[in-house]
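Presented below is the structure to which this report refers.
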Amino acid sequence: MNRHHKALELDKILLMLSKEATCEDAREMALAITPLNGKFEIEEALKQTDDAYVLSGRFGAPSFGGVKNMQNAFRRAEAGGLLNTTELLRIAETLRITRGVRQWRNKSAGIETSLDLLFSRLAENKFLEEKITSCILSEDEIADNASPELYDIRRKMRQASSKAREILDKIIRSSTYQKYLQDAIITQRSGRFVVPVKAECRGQVPGLVHDTSSSGATVFIEPMGVVQANNDIRVLESKEQAEIERILFELSAMAGAHAETASESYNALVELSLIFAKASLAYKMKATMPLINDKGEINLKQARHPLLDQKTAVATDINLGKEFDTLVITGPNTGGKTVSIKTIGLLTLMAMCGLMIPCAEGSEISIFRKVLVDIGDEQSIEQSLSTFSAHMTNIVSILKEADRNSLVLIDELGAGTDPVEGAALAVAILERLRQKGAKIASTTHYAELKEFALKTQGVENGCCEFDVATLRPTYKLLIGVPGRSNAFAISTRLGIEDSIVKRASELVSEESRQFEAVVRNLDTRRQELDEELKKAREMAIKAQQDKKKAEDELERVRKQAERELEKAKHEASLLLARTKAQADALIEELEKAKKQGNLSAEERAKLKQNLRRMEEDADPIKEKSKNEDYVLPRPLKAGDTVLVCDIDKEATVLETPAPNATSVLVQAGIIKTRTPIKNLRLIDKGKVTVSGKPLRTGQRRSRIESRPVTEIDVRGYTADEAVMEVDKVLDTAVLTNVGSITVIHGKGTGVLRKEIHAFLRHHKAVKSFRLGTFGEGEAGVTIIELK
């Protein structure tokens, strides 16, 4: 690996990545990753990682575990070679994993991604997979059903073995031979069934001797009666091996025919495994996909070094290359200077490797052809290099390689030698690197470099914040503010005598004291501005939240208004339809009266009554005025049960109101409230009285303020629909104590009238019914009297 990349610890990131991969080849590919240089290539690699990140988040990551590189086996099979059972089983496992990954993608097919081309290269071969697994049960066992011939051979082998065992069973159970046997058991030697016979009695058991025991006391004899059976078994065993070899050749040939597509499929599988490993690492790092540019501009938001503990790492904002091309970071040791420049370099390399980086959304990374680094103490006794010499050797190499497409990161520039000369040399090196067009981030303790950054256009100071009160660094990088050494303050806190510190400050030049005072004032002002900015952000967040609440409330009110408007339109349409039907009936009666001549006084009164009824029905405010006319039948007293009209709730009067009181204290449920008396309706002994009409116990109080229905028009309805509507109106009439109902069904063919009358004859609430008379609608209406 490039030594500059190793200095930034890219190798450790790649090792972390390799541990996320689940197959060996993907692990090797992870360790061999090198940063890309083309903007399109990097964006494509990051897009693939991001797509895998999204798919994993929504559907879970696919399983690549257990996949093996079987390309050599495929090639050997393609050339006509014989694969063993282990190789064939691994091929089947690889095909199973490929099929599983392809099926996983099919489940998430609704999302188009940059990985679709790789998924399309995955070639399934379920036939070959199942053929192998059905024929080969394990590395040492071939299934009987692998072929009809193998099944037949093994059946014959079992028969021959059974025959041999039967003969031997008779021998070991025979009283004639038992006395010659060492043990009454059947065993095998060289694949043939034998019995153990005492050495001194071997002449008593005719047969072939195959083996003797280690002590010589036992000989293993194959009785002559089983020689033929054993011979048959050996012949069948040879046939079995030949058939197994033929089956393996057949499976190998099938695998060889699939070699080309299997090779391409495996390569795609390994690439996908690596990409999903990148996504898995991104989840662990809580990483995001950065924007990519080739302008040398870096803007990292809430960046964290990926090798630090993500729970305790302090996020920081870092930018370089837009407003300034050189960043000089100062501050005390262990304050986070080196981590800051390492973070810049490492996150840049990670993005160029197609890895998401641990920072906030909207971060931006630039592509660099070279990332040149001088970090760490590389002194060498063998090469006679001091710390300064080792650094200068690296700087010489960097000066040779640096160009406008380079990112240069230098830790402790000019350190390890005389401070005056070191500072001068550091300034000269920075100037030369800037002339070459490189983007530079460097750490230092030299005040001269702070001054250089303040005076030079395109060079910016930065510092790692340090809390003098606690003697602890905060690890926050502050850009635009030169760092303070804090040496005197730290020494005082650690117990150095004040006189020593005072004398040391006197030895510092006036110019240095003035510079430190300016830096101190800048730092104080910066802290004040940070606090104000924090408050402003909190206020902005609160304002945004309040705005969101207001918008939600406005939307709720708007939707409620729309619902109320729709409800009002619906009620208005019902009112209009009812009024129109009444008007039509009235016009019909008038026309009939006109044809028949003058109207009697009774008929005129009837028409006026119908007109008044129609006028009342068409008045939507009537219900309100009706309720306003309500008068309590008696004064309220404590303990009375009342109905609170505006909320339609029962309540209990808690105290007797004064004679001229306008409100009274009531309790509804667990709530006590004072409400106007005119808003109450008295409920007495299970009955509710409204406008002097008693309602039956159990009647819904919500009906108290609803207008009783006395008429229904079913013209245009089917017979069934008309009967259902009449049934509903009768139920409502019973609940509201209506005495009679007028059903307008028209004359027509008489079907509606006939069905309605048939229904009314059997209705329990109907006392009687009749057709209308002149002025009521005659045969076009039915008047129903209720019980």
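The values are calculated or read from the model by the stated rules, or taken from the named source; none is laboratory data. Bear in mind that the values here come from a model prediction, so they are computed numbers and not experimental data. Here the Cβ is made from the backbone with ideal geometry for all residues, glycine too, and neighbour counts use every protein chain on show. Side chains included, ligands, DNA and RNA excluded: accessible areas come from the protein's heavy atoms. Shrake-Rupley method; radii C 1.70, N 1.55, O 1.52, S 1.80 Å.
Candidates Gly60, Gly66: the one that is touching an Asp or Glu at 6+ places or on another chain (Cβ under 7 Å) and at positive phi is Gly66.
Can you pull out every residue in segment 421-455 that is open to solvent by 50 Å² or more (accessible area, probe 1.4 Å), free of Cβ contacts under 8 Å to residues at least 40 places away in the same chain, over 18 Å from Val373 (Cα atoms) and touching a helix residue (DSSP H, G or I) at 6+ places or on another chain (Cβ under 8 Å)? Matches in segment 421-455: Ala424, Glu448.
When segment 149-190 is filtered for residues that are closer than 25 Å to Cys135 by Cα and either under 60 Å from the mean Cα position of the chain (by Cα) or at pLDDT below 80 (or both), the ones remaining, listed by number, are Glu149, Leu150, Tyr151, Asp152, Ile153, Arg154, Arg155, Lys156, Met157, Arg158. Residues in segment 72-102 that are among the polar types (S, T, N, Q), open to solvent by 40 Å² or more (accessible area, probe 1.4 Å) and assigned to a helix (DSSP H, G or I): Asn72 alone. Would you mind stating whether Lys12 is free of Cβ contacts under 8 Å to residues at least 40 places away in the same chain, more than 23 Å from Ser263 (Cβ to Cβ), open to solvent by 70 Å² or more (accessible area, probe 1.4 Å) and not aromatic (Phe, Trp, Tyr)? No; evaluated as a whole, the condition is false for this residue.
Of the residues in segment 118-125, at least one is basic (Lys, Arg), within 34 Å of the chain's Cα centre (by Cα) and closer than 30 Å to Glu43 by Cβ.
Annotation: Val314 fulfils all but one of (1) of a type in the set (A, V, I, L, M, F, W, C); (2) open to solvent by less than 20 Å² (accessible area, probe 1.4 Å); (3) more than 26 Å from the chain's Cα centre (by Cα); the unmet one is (2). Return only the number of the condition from (1) modelled with pLDDT of 90 or more; (2) at negative phi that Lys286 does not satisfy. All conditions pass for Lys286, except number (2). Only one of the listed residues (Lys198, Lys286) is surrounded by fewer than 17 Cβ atoms within 10 Å (Cβ to Cβ), in contact (Cβ under 8 Å) with a residue 12 or more places away in the chain and in contact with a Pro (Cβ under 8 Å, 6 or more places away or on another chain). That residue is Lys286. Among the residues in segment 122-142, are any at pLDDT below 90, surrounded by fewer than 17 Cβ atoms within 10 Å (Cβ to Cβ) and in a loop (DSSP other than H, G, I, E, B)? Yes, some residue in segment 122-142 is at pLDDT below 90, surrounded by fewer than 17 Cβ atoms within 10 Å (Cβ to Cβ) and in a loop (DSSP other than H, G, I, E, B).
Taken over segment 748-777, the criterion of being surrounded by fewer than 14 Cβ atoms within 10 Å (Cβ to Cβ) and of a type in the set (Lys, Arg) is satisfied by Lys754, Arg761, Lys764, Lys767, Arg770. Quickly run through segment 214-231 and pick out the residues that are in contact (Cβ under 8 Å) with a residue 24 or more places away in the chain, under 23 Å from Asp169 (Cβ atoms) and surrounded by fewer than 18 Cβ atoms within 10 Å (Cβ to Cβ). Hit for segment 214-231 is Gly225, nothing else. Selection over segment 394-414 of residues that are modelled with pLDDT of 90 or more and acidic (Asp, Glu) gives a count of 2. Just one residue in the set Leu46, Leu36 is surrounded by 14 or more Cβ atoms within 10 Å (Cβ to Cβ), at pLDDT 90 or above and more than 21 Å from His4 (Cβ to Cβ); that residue is Leu46. Among the residues of segment 258-283, those that are closer than 23 Å to Asp309 by Cα and crowded, with 16+ Cβ neighbours inside 10 Å comprise Phe276, Ala277, Lys278, Ala279, Ser280, Leu281, Ala282. Restricted to strands (runs of 3 or more DSSP E) entirely inside segment 564-681, no element has at least 3 residues that are among the acidic types (Asp, Glu), surrounded by fewer than 15 Cβ atoms within 10 Å (Cβ to Cβ) and modelled with pLDDT of 80 or more. Residues of segment 388-420 that are of a type in the set (S, T, N, Q), open to solvent by less than 40 Å² (accessible area, probe 1.4 Å) and touching a Phe, Trp or Tyr at 6+ places or on another chain (Cβ under 9 Å): Ser406 alone. Taking the criterion of being in contact (Cβ under 8 Å) with a residue 60 or more places away in the chain and in a helix (DSSP H, G or I), would at least one residue in segment 178-189 satisfy it? Scanning segment 178-189, I find no residue that is in contact (Cβ under 8 Å) with a residue 60 or more places away in the chain and in a helix (DSSP H, G or I), so the answer is no.
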